[in-house]
Amino acid sequence: MTSSSIHVSIADVAATLALVGIAVAVSFWRRADLERDIGIAVVRSAVQLIAIGYVINFIFDQDSLWFVAALLAVMVAFGALQARSRAKRVPDAFWPLLLSLALAAAVTLGLVVALGVFKAQPRYLVPVGGMVIGNSMTAAAVALNRLGDEVSDHARELEATLALGATSTQAAAPLVRRSLRSGMITLVDSTKTTGLIFFPGTMVGMLLAGADPTDAVRLQLILLWTLLGSVALAGLIAVTLAYRNFFTPAHQLREQPEP
Amino acid sequence: MIIRGVLFELDRVTQSRDGKVVLQDLSASLPRGASCVAGPSGSGKSTLLRLLNRLADPDSGAVRYEGADVRERNPLELRQEVCLVPQLPALLEGTVEDNVRYAASLAGRDPNVPRLLDLAGLDASFAARSADKLSVGEQQRAMLARALAMEPRVLLLDEPTSALDEDARRAVEATLLHLRERVNASTVLVTHDLDQARRMADWVVRLDEGRLVAEGRVKEHLAV
């Protein structure tokens, strides 16, 4: 690898398998029983990233925003499916998740393009869109997972509030607030400590590629602040749509499904 | 004792919870005044109570309030008129006064907090007390004050003394009896304790395993 441009050889990649070996050894030694999962993770990450590398290459060659939209739509759909598995206690969680990811991606990308931060070109929209969707998925999944736990743990208080004639929106407001906070807090905290405790991926990548540190910092700030907005949007839309699924139109708490 | 006309009618009501039939083809009436629903644990008493203000709807059959099917009523208005005090304390975060004012605001009322606390057997100093620092008996009273803030026409009381020791039970019963003289509201009390039913109600509906065992005047059906 040189210090002035990105050129990563297969040998470089293969060499890092030594670190994977450490992970396997630790798991085996302390009987964490993760050796198989680590193996699957390594193979999947390689296959998925190589595949997406070819897809991105193809999209860059086509230079068409339609292909970008199609790729992001697929990522949104897979993201919603993945997040649903984390929100098992929320009835019909797929649609709120799908809408939250789609809207968060559309609004965030629309805004950064409209503000002139990035050009409406595949080489910007694909990586930024991927980051936005990935972080939004995590935030929405955490928020809905918390929402399911909140409703289950506080069903008695919810019914007591409904019994006073509160609407389901009024009764669920404290739970929705805590769930949204839960979805956003990880990124907020990591944004607070960025540069002090860890260097975020984009900045590391740019520095490794030989970019000017000032440019790396500026781009990293743009992405971090963009992600804050998208994560907030995704969490808000997901919990706002999903909490309704716990109630009937007559503001009755539905029986809780088994997780 | 005066039975002043029918307040609630249950007409062939069947209701399931968690896949289990809890009320089965139940028909019964509850008049104005002080009524109770009595029966052993698991007999469907609390489920019945939740049907009266539409916290749940029956799988089949009908529940009528003052002659009209409750499903024809706006559920929010119905719950402010027919207010349920749950079995276990479930107050919101904040002070007792916060809880009382919250309930009053839902019903569009301006509450007289000291009077409401007095009606529930709490002195005015409880207004500033944090809800999560109260004893179970005090929480029960705070929930009663919160319900009264809505000026309901009917109070549904779900086992209000089940979690209390003997002294606290006697005190809450005395408060509820005193309340009848001071507030113009009917009450439907759920209890597993037939002695409490005798002390607190004029009319009883007795359930066992989701079915009606008996209904009528306490004097006749729960004679000692």
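The values are calculated or read from the model by the stated rules, or taken from the named source; none is laboratory data. Values in this document were obtained by computation on a predicted structure and should not be read as measured data. All Cβ positions, even for glycine, are placed from backbone atoms using ideal geometry, and neighbour counts span all protein chains on display.
Odds and ends about this structure:
- When each of A:Leu111, A:Leu187 is tested for being in the same structural domain as A:Ser230 (by TED's automatic domain parsing) and in contact with a Gly (Cβ under 8 Å, 6 or more places away or on another chain), the lone residue that passes is A:Leu111.
- Qualifying residue in the range A:192-212 (condition: modelled with pLDDT of 90 or more and more than 23 Å from A:Gly129 (Cα to Cα)): yes
- Residue that is within 14 Å of chain A (Cβ to nearest Cβ) and farther than 23 Å from B:Arg79 by Cα, where the choices are B:Ala163, B:Ala149, B:Ala171: B:Ala163
- Wholly enclosed helices (runs of 4 or more DSSP H) of the range B:64-146 bearing at least 3 residues surrounded by 19 or more Cβ atoms within 10 Å (Cβ to Cβ) and within 14 Å of chain A (Cβ to nearest Cβ): B:75-81, B:96-106
- Take the conditions (1) assigned to a loop (DSSP other than H, G, I, E, B); (2) more than 16 Å from the chain's Cα centre (by Cα); (3) among the aliphatic types (A, V, I, L, M); B:Leu55 misses just one of them, which is (2).
- The residues listed here are A:Ala70, A:Ala18; of these, the one that is among the small types (Gly, Ala, Ser) and outside the structural domain of A:Phe118 (by TED's automatic domain parsing) is A:Ala18.
- Some residue of the range A:36-50 being closer than 30 Å to A:Ala104 by Cα and touching a residue at least 24 places away in the same chain (Cβ under 8 Å): yes
- Checked against the criteria, B:Ala142 does not count as under 21 Å from A:Leu162 (Cβ atoms), in contact with a Pro (Cβ under 6 Å, 6 or more places away or on another chain) and not charged (D, E, K, R).
- Residue in the range B:10-18 that is in a strand (DSSP E or B), more than 19 Å from the chain's Cα centre (by Cα) and at the interface with another protein chain (Cβ under 9 Å from one of its Cβ atoms) present: yes
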